[in-house]
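Worksheet: one structure, shown below.
The values are calculated or read from the model by the stated rules, or taken from the named source; none is laboratory data. Everything quoted here is computed from the prediction, not taken from an experiment. Reconstructed Cβ throughout: ideal geometry from the backbone, glycine too, with neighbour counts over all protein chains shown. Remember, those area values only see protein heavy atoms, side chains included, never the ligands or the DNA or RNA. Shrake-Rupley method; radii C 1.70, N 1.55, O 1.52, S 1.80 Å.
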Amino acid sequence: MKEMLDKVYYDDLETRSTDARHTAQLEAVNAQLARVAEAAGNCLPDIGKLKYLDDLAHLPVLRKSELTKWQAEKPPFGGLPVSNVAHIFQSPGPIYEPGGISHDWWRMGRFLHAAGFGPGDVVQNCFGYHLTPAGMIFENGARAVGAKVLPAGTGQTELQVTAARDVGTTAYAGTPDYLKIILDKADEMGVTLGITKAAVGGGALFPSLREHYKDRGITCMQSYATADLGNIAYESSALEGMIVDEGVVVEIVTPGTGDPVSEGEVGEVVVTSLNPDYPLIRFATGDMSAVLPGHSPCGRTNMRIKGWMGRADQTTKIKGMFVRPEQVAALVAKHPEVTRARVIARREGEQDAMTVQLESPGGDQAAYAQSVVDTLKLKGTIEVHAPNTLPKDGLVIEDQRSYD
(Lines give C-alpha, C1' and ligand atoms only; values in the text may rest on other atoms or scores of the structure.)
Protein backbone atom coordinates (compact mmCIF):
# COMPACT_ATOMS: atom_id res chain seq x y z
CA MET A 1 0.00 0.00 0.00
CA LYS A 2 2.80 2.43 0.89
CA GLU A 3 4.52 1.83 -2.47
CA MET A 4 1.27 2.78 -4.21
CA LEU A 5 0.97 5.95 -2.11
CA ASP A 6 4.58 6.86 -2.87
CA LYS A 7 3.75 6.81 -6.59
CA VAL A 8 0.64 8.94 -6.24
CA TYR A 9 1.78 11.38 -3.55
CA TYR A 10 5.08 13.08 -2.88
CA ASP A 11 5.01 11.90 0.75
CA ASP A 12 2.51 10.94 3.45
CA LEU A 13 2.26 14.54 4.67
CA GLU A 14 -0.15 15.24 1.81
CA THR A 15 -2.81 12.85 3.10
CA ARG A 16 -2.55 13.31 6.89
CA SER A 17 -5.52 14.36 8.99
CA THR A 18 -6.25 18.00 9.76
CA ASP A 19 -5.51 17.43 13.45
CA ALA A 20 -2.15 15.82 12.71
CA ARG A 21 -1.25 18.64 10.33
CA HIS A 22 -2.21 21.40 12.77
CA THR A 23 -0.32 19.73 15.63
CA ALA A 24 2.86 19.49 13.56
CA GLN A 25 2.49 23.00 12.18
CA LEU A 26 1.93 24.49 15.63
CA GLU A 27 5.15 22.90 16.85
CA ALA A 28 7.01 24.20 13.78
CA VAL A 29 5.58 27.73 14.14
CA ASN A 30 6.61 27.88 17.80
CA ALA A 31 10.12 26.78 16.81
CA GLN A 32 10.20 29.59 14.22
CA LEU A 33 9.07 32.14 16.81
CA ALA A 34 11.82 30.97 19.16
CA ARG A 35 14.45 31.41 16.42
CA VAL A 36 13.28 34.94 15.64
CA ALA A 37 13.10 35.89 19.33
CA GLU A 38 16.63 34.63 19.97
CA ALA A 39 18.01 36.58 17.00
CA ALA A 40 16.13 39.77 17.96
CA GLY A 41 17.26 39.78 21.60
CA ASN A 42 15.33 42.46 23.45
CA CYS A 43 14.25 44.24 20.25
CA LEU A 44 10.92 42.39 20.06
CA PRO A 45 8.32 41.69 22.75
CA ASP A 46 8.42 38.18 24.20
CA ILE A 47 5.62 36.40 22.32
CA GLY A 48 6.20 33.02 23.91
CA LYS A 49 4.56 29.89 22.57
CA LEU A 50 1.25 29.84 20.75
CA LYS A 51 -1.34 27.53 22.29
CA TYR A 52 -3.34 27.10 19.09
CA LEU A 53 -2.45 27.56 15.42
CA ASP A 54 -5.26 30.12 15.11
CA ASP A 55 -3.35 32.31 17.59
CA LEU A 56 -1.17 33.33 14.65
CA ALA A 57 -3.87 35.89 13.90
CA HIS A 58 -2.81 37.84 17.01
CA LEU A 59 0.74 38.39 15.70
CA PRO A 60 1.67 41.37 13.51
CA VAL A 61 1.79 41.05 9.73
CA LEU A 62 5.21 41.52 8.12
CA ARG A 63 5.06 43.53 4.90
CA LYS A 64 7.67 43.85 2.18
CA SER A 65 8.14 47.54 2.95
CA GLU A 66 9.17 46.61 6.50
CA LEU A 67 11.49 43.87 5.27
CA THR A 68 13.15 46.34 2.89
CA LYS A 69 13.70 48.74 5.80
CA TRP A 70 15.11 46.00 8.03
CA GLN A 71 17.50 44.90 5.29
CA ALA A 72 18.71 48.45 4.73
CA GLU A 73 19.48 48.73 8.44
CA LYS A 74 20.98 45.25 8.82
CA PRO A 75 22.06 43.91 5.42
CA PRO A 76 21.55 41.61 3.78
CA PHE A 77 18.64 39.84 5.55
CA GLY A 78 17.44 42.41 8.08
CA GLY A 79 18.67 40.61 11.18
CA LEU A 80 16.48 37.55 10.64
CA PRO A 81 18.10 34.25 11.71
CA VAL A 82 19.02 32.95 8.25
CA SER A 83 21.07 29.76 7.97
CA ASN A 84 22.47 27.31 5.40
CA VAL A 85 22.72 30.01 2.72
CA ALA A 86 24.12 28.87 -0.62
CA HIS A 87 22.84 31.73 -2.79
CA ILE A 88 21.72 35.32 -2.31
CA PHE A 89 19.10 36.64 -4.73
CA GLN A 90 17.75 40.12 -5.41
CA SER A 91 14.16 41.09 -6.13
CA PRO A 92 12.74 44.56 -6.85
CA GLY A 93 12.79 46.83 -3.80
CA PRO A 94 15.52 45.78 -3.53
CA ILE A 95 14.81 42.77 -1.33
CA TYR A 96 17.43 40.09 -0.81
CA GLU A 97 16.40 36.46 -0.40
CA PRO A 98 18.52 33.55 0.75
CA GLY A 99 18.56 30.26 -1.11
CA GLY A 100 19.65 26.81 -0.05
CA ILE A 101 20.71 23.69 -1.93
CA SER A 102 19.43 21.07 0.49
CA HIS A 103 16.79 18.63 -0.73
CA ASP A 104 13.72 20.52 -1.99
CA TRP A 105 14.64 23.72 -0.11
CA TRP A 106 11.82 25.70 -1.81
CA ARG A 107 9.43 22.68 -1.76
CA MET A 108 8.89 22.83 -5.51
CA GLY A 109 9.37 19.07 -5.84
CA ARG A 110 5.93 18.54 -4.35
CA PHE A 111 4.34 20.51 -7.18
CA LEU A 112 6.45 18.90 -9.91
CA HIS A 113 5.55 15.45 -8.60
CA ALA A 114 1.85 16.39 -8.71
CA ALA A 115 2.38 17.61 -12.29
CA GLY A 116 3.78 14.22 -13.27
CA PHE A 117 7.51 15.12 -13.43
CA GLY A 118 9.89 12.31 -12.52
CA PRO A 119 13.20 10.49 -13.17
CA GLY A 120 12.44 9.88 -16.84
CA ASP A 121 12.04 13.57 -17.67
CA VAL A 122 14.34 16.18 -19.14
CA VAL A 123 13.05 19.55 -17.94
CA GLN A 124 13.65 22.63 -20.07
CA ASN A 125 13.81 25.24 -17.30
CA CYS A 126 12.92 28.58 -18.86
CA PHE A 127 12.76 30.56 -15.62
CA GLY A 128 15.43 33.22 -15.15
CA TYR A 129 18.71 32.44 -13.42
CA HIS A 130 20.00 36.02 -13.24
CA LEU A 131 19.73 37.59 -9.74
CA THR A 132 16.19 36.28 -9.18
CA PRO A 133 15.64 32.79 -7.71
CA ALA A 134 12.94 31.37 -10.00
CA GLY A 135 15.37 29.34 -12.10
CA MET A 136 17.03 27.81 -9.05
CA ILE A 137 13.68 27.19 -7.36
CA PHE A 138 12.47 25.00 -10.22
CA GLU A 139 15.86 23.37 -10.75
CA ASN A 140 15.96 22.42 -7.07
CA GLY A 141 12.48 20.93 -7.39
CA ALA A 142 13.40 19.00 -10.52
CA ARG A 143 16.35 17.44 -8.73
CA ALA A 144 14.04 16.47 -5.87
CA VAL A 145 11.92 14.34 -8.25
CA GLY A 146 14.95 12.91 -10.05
CA ALA A 147 14.53 14.77 -13.36
CA LYS A 148 17.35 16.10 -15.51
CA VAL A 149 17.47 19.88 -16.14
CA LEU A 150 18.35 21.93 -19.20
CA PRO A 151 18.98 25.40 -17.64
CA ALA A 152 17.62 27.32 -20.60
CA GLY A 153 16.45 30.62 -19.11
CA THR A 154 14.60 32.95 -21.48
CA GLY A 155 15.26 34.25 -24.98
CA GLN A 156 17.16 32.80 -27.97
CA THR A 157 14.08 30.88 -29.00
CA GLU A 158 15.68 29.12 -32.00
CA LEU A 159 18.42 27.78 -29.75
CA GLN A 160 15.76 26.71 -27.27
CA VAL A 161 14.02 24.68 -29.98
CA THR A 162 17.27 23.13 -31.16
CA ALA A 163 18.31 22.22 -27.63
CA ALA A 164 14.89 20.78 -26.81
CA ARG A 165 15.10 18.54 -29.87
CA ASP A 166 18.73 17.50 -29.33
CA VAL A 167 18.53 16.64 -25.61
CA GLY A 168 15.05 15.14 -25.80
CA THR A 169 13.15 17.63 -23.63
CA THR A 170 9.98 16.06 -22.25
CA ALA A 171 8.85 18.73 -19.79
CA TYR A 172 8.74 22.52 -19.63
CA ALA A 173 9.09 24.85 -16.64
CA GLY A 174 8.56 28.58 -17.09
CA THR A 175 5.96 31.28 -17.53
CA PRO A 176 2.67 30.16 -19.10
CA ASP A 177 3.03 31.98 -22.40
CA TYR A 178 6.70 31.32 -23.23
CA LEU A 179 6.05 27.68 -23.97
CA LYS A 180 3.72 28.72 -26.79
CA ILE A 181 6.49 30.89 -28.23
CA ILE A 182 8.82 27.88 -28.25
CA LEU A 183 6.18 25.63 -29.81
CA ASP A 184 5.33 28.21 -32.49
CA LYS A 185 9.02 28.61 -33.34
CA ALA A 186 9.40 24.83 -33.55
CA ASP A 187 6.49 24.69 -36.01
CA GLU A 188 8.11 27.44 -38.04
CA MET A 189 11.40 25.49 -38.10
CA GLY A 190 9.69 22.20 -38.93
CA VAL A 191 10.91 20.64 -35.67
CA THR A 192 8.83 18.15 -33.69
CA LEU A 193 9.33 18.40 -29.92
CA GLY A 194 8.58 15.75 -27.32
CA ILE A 195 7.20 18.01 -24.59
CA THR A 196 4.21 16.34 -22.90
CA LYS A 197 3.97 18.20 -19.57
CA ALA A 198 4.43 21.74 -18.32
CA ALA A 199 4.78 23.30 -14.88
CA VAL A 200 4.16 27.04 -15.03
CA GLY A 201 4.10 30.06 -12.75
CA GLY A 202 4.93 33.74 -12.60
CA GLY A 203 1.89 34.79 -14.64
CA ALA A 204 -1.72 34.03 -15.41
CA LEU A 205 -2.52 30.69 -17.06
CA PHE A 206 -5.63 31.55 -19.07
CA PRO A 207 -8.07 28.68 -19.74
CA SER A 208 -7.74 29.14 -23.49
CA LEU A 209 -3.95 28.74 -23.28
CA ARG A 210 -4.25 25.62 -21.12
CA GLU A 211 -6.68 24.21 -23.68
CA HIS A 212 -4.25 25.07 -26.50
CA TYR A 213 -1.53 23.04 -24.78
CA LYS A 214 -3.95 20.19 -24.13
CA ASP A 215 -4.80 20.09 -27.85
CA ARG A 216 -1.08 19.64 -28.51
CA GLY A 217 -0.85 16.76 -26.03
CA ILE A 218 0.71 18.78 -23.23
CA THR A 219 -0.65 18.65 -19.68
CA CYS A 220 -0.15 22.05 -18.08
CA MET A 221 -0.41 22.79 -14.34
CA GLN A 222 0.46 25.89 -12.37
CA SER A 223 1.93 26.73 -8.98
CA TYR A 224 1.78 29.81 -6.81
CA ALA A 225 5.22 30.65 -5.42
CA THR A 226 7.23 33.70 -4.41
CA ALA A 227 10.93 34.46 -4.16
CA ASP A 228 10.65 34.91 -0.40
CA LEU A 229 8.56 31.89 0.50
CA GLY A 230 9.07 29.30 -2.22
CA ASN A 231 6.06 27.19 -3.14
CA ILE A 232 2.82 28.30 -1.46
CA ALA A 233 0.17 26.31 -3.35
CA TYR A 234 -0.10 24.16 -6.45
CA GLU A 235 -2.49 22.42 -8.80
CA SER A 236 -2.94 18.68 -8.98
CA SER A 237 -4.53 16.52 -11.66
CA ALA A 238 -7.95 17.32 -10.14
CA LEU A 239 -7.61 20.93 -11.36
CA GLU A 240 -9.93 22.15 -8.61
CA GLY A 241 -8.19 25.06 -6.96
CA MET A 242 -4.65 25.09 -5.60
CA ILE A 243 -3.56 22.89 -2.70
CA VAL A 244 -1.57 24.66 0.01
CA ASP A 245 1.97 23.34 0.38
CA GLU A 246 2.84 21.33 3.49
CA GLY A 247 5.71 23.66 4.43
CA VAL A 248 3.68 26.82 4.99
CA VAL A 249 0.69 28.06 6.95
CA VAL A 250 -1.63 30.20 4.83
CA GLU A 251 -4.15 32.74 6.13
CA ILE A 252 -6.54 34.88 4.09
CA VAL A 253 -7.03 38.27 5.79
CA THR A 254 -8.82 41.53 5.19
CA PRO A 255 -6.45 43.79 3.18
CA GLY A 256 -4.68 46.30 5.40
CA THR A 257 -5.22 44.19 8.52
CA GLY A 258 -4.17 40.85 9.95
CA ASP A 259 -7.75 39.75 10.57
CA PRO A 260 -8.70 36.42 8.93
CA VAL A 261 -11.80 36.42 6.73
CA SER A 262 -14.46 33.73 6.56
CA GLU A 263 -14.05 30.70 4.30
CA GLY A 264 -14.85 31.64 0.72
CA GLU A 265 -14.33 35.36 1.26
CA VAL A 266 -11.66 37.08 -0.82
CA GLY A 267 -8.73 38.59 1.06
CA GLU A 268 -4.96 39.00 1.15
CA VAL A 269 -2.71 35.94 1.31
CA VAL A 270 -0.52 35.94 4.44
CA VAL A 271 2.02 33.14 4.79
CA THR A 272 4.09 31.76 7.65
CA SER A 273 7.03 29.73 6.39
CA LEU A 274 8.05 26.61 8.30
CA ASN A 275 11.50 26.55 6.66
CA PRO A 276 13.92 26.79 9.64
CA ASP A 277 16.60 28.33 7.40
CA TYR A 278 14.49 31.45 6.74
CA PRO A 279 11.73 32.08 9.30
CA LEU A 280 9.17 34.50 7.88
CA ILE A 281 6.19 34.91 10.21
CA ARG A 282 2.88 36.15 8.78
CA PHE A 283 4.51 37.52 5.64
CA ALA A 284 2.04 39.50 3.50
CA THR A 285 2.30 38.54 -0.17
CA GLY A 286 0.14 41.40 -1.44
CA ASP A 287 -1.86 38.85 -3.46
CA MET A 288 -5.57 38.15 -3.16
CA SER A 289 -7.23 34.75 -2.97
CA ALA A 290 -9.96 32.82 -1.13
CA VAL A 291 -10.24 29.48 0.65
CA LEU A 292 -12.17 26.73 -1.10
CA PRO A 293 -14.29 24.39 1.05
CA GLY A 294 -13.45 20.72 1.48
CA HIS A 295 -10.56 18.66 0.15
CA SER A 296 -9.27 18.08 -3.35
CA PRO A 297 -10.71 15.06 -5.22
CA CYS A 298 -7.09 13.93 -5.77
CA GLY A 299 -6.93 12.84 -2.11
CA ARG A 300 -4.60 15.55 -0.80
CA THR A 301 -6.08 16.84 2.42
CA ASN A 302 -4.55 20.29 2.93
CA MET A 303 -6.53 23.51 2.54
CA ARG A 304 -7.19 24.75 -0.98
CA ILE A 305 -7.24 28.30 -2.31
CA LYS A 306 -8.69 29.62 -5.56
CA GLY A 307 -5.33 30.83 -6.80
CA TRP A 308 -4.27 34.34 -7.68
CA MET A 309 -7.19 36.81 -7.68
CA GLY A 310 -5.46 40.18 -8.01
CA ARG A 311 -3.39 42.44 -5.80
CA ALA A 312 -4.31 43.54 -2.29
CA ASP A 313 -2.79 47.00 -2.49
CA GLN A 314 -5.91 49.02 -3.27
CA THR A 315 -4.36 52.39 -2.43
CA THR A 316 -6.30 55.04 -4.35
CA LYS A 317 -5.88 58.80 -4.71
CA ILE A 318 -9.12 60.74 -4.10
CA LYS A 319 -9.20 64.53 -4.30
CA GLY A 320 -5.42 64.48 -4.38
CA MET A 321 -5.14 62.42 -1.15
CA PHE A 322 -4.05 58.79 -0.93
CA VAL A 323 -6.54 56.48 0.80
CA ARG A 324 -5.02 53.18 1.96
CA PRO A 325 -6.54 49.89 3.22
CA GLU A 326 -4.80 50.45 6.57
CA GLN A 327 -6.77 53.67 7.02
CA VAL A 328 -10.05 51.87 6.29
CA ALA A 329 -9.11 49.25 8.91
CA ALA A 330 -8.43 52.04 11.41
CA LEU A 331 -11.86 53.52 10.66
CA VAL A 332 -13.57 50.20 11.45
CA ALA A 333 -11.55 49.85 14.66
CA LYS A 334 -12.87 53.19 15.95
CA HIS A 335 -16.42 51.83 16.28
CA PRO A 336 -17.01 48.41 17.91
CA GLU A 337 -20.41 48.03 16.28
CA VAL A 338 -18.98 48.50 12.76
CA THR A 339 -17.91 45.15 11.28
CA ARG A 340 -16.75 46.16 7.80
CA ALA A 341 -16.23 49.21 5.62
CA ARG A 342 -15.92 49.94 1.92
CA VAL A 343 -14.68 53.20 0.41
CA ILE A 344 -15.96 54.02 -3.07
CA ALA A 345 -14.21 56.57 -5.27
CA ARG A 346 -16.43 58.04 -7.98
CA ARG A 347 -16.93 61.17 -10.10
CA GLU A 348 -19.67 63.77 -9.67
CA GLY A 349 -19.55 66.09 -12.63
CA GLU A 350 -15.86 66.81 -13.08
CA GLN A 351 -14.88 66.29 -9.44
CA ASP A 352 -13.84 63.34 -7.28
CA ALA A 353 -16.37 62.17 -4.71
CA MET A 354 -16.15 59.57 -1.96
CA THR A 355 -18.78 57.31 -0.43
CA VAL A 356 -18.02 55.33 2.71
CA GLN A 357 -20.20 52.28 3.27
CA LEU A 358 -20.28 50.88 6.80
CA GLU A 359 -21.76 47.61 8.01
CA SER A 360 -23.45 48.43 11.31
CA PRO A 361 -26.77 47.75 13.04
CA GLY A 362 -27.18 51.51 13.46
CA GLY A 363 -24.87 54.05 15.01
CA ASP A 364 -24.34 57.80 15.01
CA GLN A 365 -23.99 59.15 11.46
CA ALA A 366 -22.33 62.33 12.71
CA ALA A 367 -19.76 60.31 14.68
CA TYR A 368 -19.09 58.16 11.63
CA ALA A 369 -18.61 61.23 9.44
CA GLN A 370 -16.12 62.69 11.90
CA SER A 371 -14.21 59.41 12.07
CA VAL A 372 -13.98 59.38 8.27
CA VAL A 373 -12.42 62.85 8.33
CA ASP A 374 -10.05 61.85 11.15
CA THR A 375 -8.82 58.63 9.53
CA LEU A 376 -9.15 59.22 5.78
CA LYS A 377 -8.48 63.00 5.92
CA LEU A 378 -11.41 63.53 3.54
CA LYS A 379 -15.13 64.22 3.76
CA GLY A 380 -17.50 61.76 2.13
CA THR A 381 -21.05 60.50 1.94
CA ILE A 382 -21.81 57.99 4.71
CA GLU A 383 -23.99 54.96 4.01
CA VAL A 384 -24.90 52.54 6.80
CA HIS A 385 -25.71 48.99 5.68
CA ALA A 386 -27.01 46.05 7.66
CA PRO A 387 -24.38 43.51 8.79
CA ASN A 388 -23.28 40.95 6.17
CA THR A 389 -24.71 42.89 3.24
CA LEU A 390 -21.60 44.43 1.65
CA PRO A 391 -19.92 42.41 -1.15
CA LYS A 392 -17.38 39.86 0.07
CA ASP A 393 -14.99 40.33 -2.83
CA GLY A 394 -11.92 41.48 -0.90
CA LEU A 395 -12.28 45.11 -1.91
CA VAL A 396 -12.09 47.70 0.86
CA ILE A 397 -11.43 50.51 -1.64
CA GLU A 398 -13.37 50.44 -4.91
CA ASP A 399 -12.50 52.88 -7.69
CA GLN A 400 -15.54 53.38 -9.93
CA ARG A 401 -14.02 56.24 -11.92
CA SER A 402 -13.54 55.72 -15.64
CA TYR A 403 -10.08 56.48 -16.99
CA ASP A 404 -10.98 56.01 -20.65
Worksheet item: Limited to region 38-74, what total is found for residues that are open to solvent by less than 60 Å² (accessible area, probe 1.4 Å), within 20 Å of Leu229 (Cα to Cα) and part of a helix (DSSP H, G or I)?
Response: 7
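Okay, residues lined up against (1) closer than 15 Å to Leu274 by Cβ; (2) in contact with an Asp or Glu (Cβ under 8 Å, 6 or more places away or on another chain); (3) at pLDDT below 95; (4) among the aliphatic types (A, V, I, L, M):
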residue: Leu26; (1), (2), (3), (4): yes, no, no, yes
residue: Ala34; (1), (2), (3), (4): yes, no, yes, yes
residue: Ala37; (1), (2), (3), (4): no, yes, yes, yes
residue: Leu44; (1), (2), (3), (4): no, no, yes, yes
residue: Gly48; (1), (2), (3), (4): no, no, yes, no
residue: Pro60; (1), (2), (3), (4): no, no, yes, no
residue: Lys69; (1), (2), (3), (4): no, no, yes, no
Response to the item:
Matching residues in region 370-387 (assigned to a loop (DSSP other than H, G, I, E, B), under 17 Å from Ala333 (Cα atoms) and either touching a Ser or Thr at 6+ places or on another chain (Cβ under 8 Å) or open to solvent by less than 60 Å² (accessible area, probe 1.4 Å) (or both)) number 1
Practice prompt. Could you grab me the full set of residues in region 179-200 that are closer than 15 Å to Gln124 by Cβ and either aliphatic (A, V, I, L, M) or crowded, with 23+ Cβ neighbours inside 10 Å (or both)?
Written response: Leu179, Ile181, Ile182, Leu183, Ala186, Val191, Leu193, Ile195, Ala198, Ala199, Val200
Worksheet item: Can Gly307 be described as among the small types (Gly, Ala, Ser), open to solvent by less than 70 Å² (accessible area, probe 1.4 Å) and on the phi > 0 side of the Ramachandran plot?
Response: yes
Item to complete: Go through the residues of region 219-239 one by one and say whether even a single one is touching a helix residue (DSSP H, G or I) at 6+ places or on another chain (Cβ under 8 Å) and under 20 Å from Gly394 (Cβ atoms).
Response: no
Item to complete: Among the candidates Leu179, Leu193, Leu183, Leu209, single out the residue that is under 21 Å from Phe111 (Cβ atoms) and in contact with a Lys or Arg (Cβ under 9 Å, 6 or more places away or on another chain).
Response: Leu209
Worksheet, complete the sentence: Of the conditions (1) modelled with pLDDT under 95; (2) of a type in the set (S, T, N, Q); (3) in contact with a Pro (Cβ under 7 Å, 6 or more places away or on another chain), the single one that Thr132 does not satisfy is (3)
Worksheet entry | Residue pairs meeting the criteria (Cβ under 6 Å; at least 6 apart or on separate chains; first more than 15 Å from Ala34 (Cα to Cα), in region 277-297; second of a type in the set (Phe, Trp, Tyr)) | Asp287/Trp308
Item to complete: Tell me, yes or no, whether region 231-249 has at least one residue that is within 15 Å of the chain's Cα centre (by Cα), modelled with pLDDT under 95, surrounded by 20 or more Cβ atoms within 10 Å (Cβ to Cβ) and at negative phi.
Response: no
Worksheet, complete the sentence: Restricting attention to region 201-211, the residues that are open to solvent by less than 60 Å² (accessible area, probe 1.4 Å) and more than 22 Å from Gly230 (Cα to Cα) number exactly 2
Discussion item. Just to check your reading of the model, which residue among Ala366, Ala330 is part of a helix (DSSP H, G or I), open to solvent by 40 Å² or more (accessible area, probe 1.4 Å) and either more than 29 Å from Glu263 (Cβ to Cβ) or at pLDDT below 90 (or both)?
Written reply: Ala366
Practice prompt. Output yes when any residue across region 213-223 is open to solvent by less than 20 Å² (accessible area, probe 1.4 Å) and over 30 Å from Thr192 (Cβ atoms), and no when none is.
Written response: no
